[in-house]
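Q: First the structure, then my questions, so here it is.
Throughout, read-outs are computed from the coordinates displayed, never taken from laboratory work. All values derive from a computational prediction rather than experimental measurement. Ideal geometry is used to build each Cβ from the backbone, glycine not excepted, and the neighbour counts take in all protein chains shown.
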Amino acid sequence: MKKNSFSLEKEVRCEFIVSEKRKKIWQKQIAMAVEVKRICEKYNIKYFIIWGTLLGAVRHKGYIPWDDDFDIGFLRRDYEKFCNIAKKEIKQPFFFQDAMTDPEYFIGYARIRDSRTTGWILQNPSPKYHNGIFIDLYPFDVIPENKYIWQVQSFVIKNILEKLTSKDNRRYQNYRSEYKGLVYLHKLCCTMFNWIYHPKKIGLLYSPYEVEDGYWIYAKDVKRTIKLPFENEFFSAPAGYDGILQNVYKNYMKLPPKGKRGVWHERQIVFDPDMPYLEFYKNRNKEKRYT
């Protein structure tokens, strides 16, 4: 497996201290992103870095110094193709995580995790949930231009997701056919307009709130991709990145105030790039027992 060659030594970027630990998190994520790139290039699948990862590539030629995640996007048809292939191609220590491979993962997009590490999302305390350091893989779907059609679609999506993530979701694990039915219904609801419309806008439909918060893009901006440098690698990025970043971040080349740097996942995720998440759970349970 190829090692990422950037230095792990602590350094200052944009007046922010990037610790050795953060560098190790980056190293793990880039290794997984390189695996995604390998699969996409092998099977001719179109992908593109997006959100903060895209912003980092454009503004910093790598990570935003205070960031700790990596986001990759696909058009829906490419996403489905990638997921089907990735379940066979991705091997340990990496793990392909979606609603079918992880019994407690109730999200409408996929992740790749590193089993040798901990990226514990605090709202997911069960050791059955794979909590290694991860990268996010997002499907982009057509957003209906008719607001009434969109309201109906988003209402259905919201209700399906609420049922999947409800407190009695373990019932669906006991009746996997019923649970799978909800998962496929969510996918169908997200994708059906891809069959009908030539899209003007596309967005993340795993939650209607993401679109309301500005997490949509113009389809024309991802029609063509280019290569952008990112730390010691190159990844595909939307050729229309300027329009995307302006839409989401407005004046995106301007740095946030110092007090708002480094708080994106504060109190949401616990990272340990040197400890497998299962070992992390064991140590955590021992500490609870004796406190």
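Q: Using per-residue counts of other Cβ atoms within 10 Å, averaged over each peptide, order 248-255, 222-229, 23-30 from highest down.
A: With the highest mean Cβ count within 10 Å placed first, the list reads 23-30, 222-229, 248-255.
Q: For the stretch 111-146, list residues with backbone N below 19 Å from a point placed 7 Å from the Cα of Met100 toward its Cβ?
A: Label zone hits: 111-113, 130, 137-141.
Q: Now, a different point. Give me the distance in nm between label points sitting 7 Å out from Cα along the Cα-to-Cβ direction at Tyr148 and Val270, one decimal.
A: Using points 7 Å along Cα→Cβ, the separation is 5.1 nm.
Q: In this model, which of Lys37/Lys147; Lys10/Lys223; Lys187/Lys250; Lys23/Lys258; Lys81/Lys282 are farther than 29 Å apart at the alpha-carbon? All intermediate terms of the calculation are to be shown ahead of the outcome.
A: Details: Lys37/Lys147 36 Å; Lys10/Lys223 38 Å; Lys187/Lys250 31 Å; Lys23/Lys258 20 Å; Lys81/Lys282 37 Å.
Where the Cα-Cα span goes over 29 Å, the pairs concerned are Lys37/Lys147; Lys10/Lys223; Lys187/Lys250; Lys81/Lys282.
Q: Here is a follow-up. Using 0.36 nm per residue of separation minus the Cα-Cα distance, give me the extension gain between Leu122 and Leu278 in nm, one decimal.
A: Extra length available between Leu122 and Leu278 comes to 54.7 nm.
Q: Under a 5 Å amide H to amide H cut-off, with H placed in plane at 1.01 Å, what residues pair with Thr225 once short-range neighbours are removed?
A: Correct list: Ala239.
Q: Along Cα→Cβ, 7 Å out, is where each label goes; now give me the distance between the ones at Ile107 and Asp242 in nm to one decimal.
A: Label at Ile107, label at Asp242, 3.3 nm between them.
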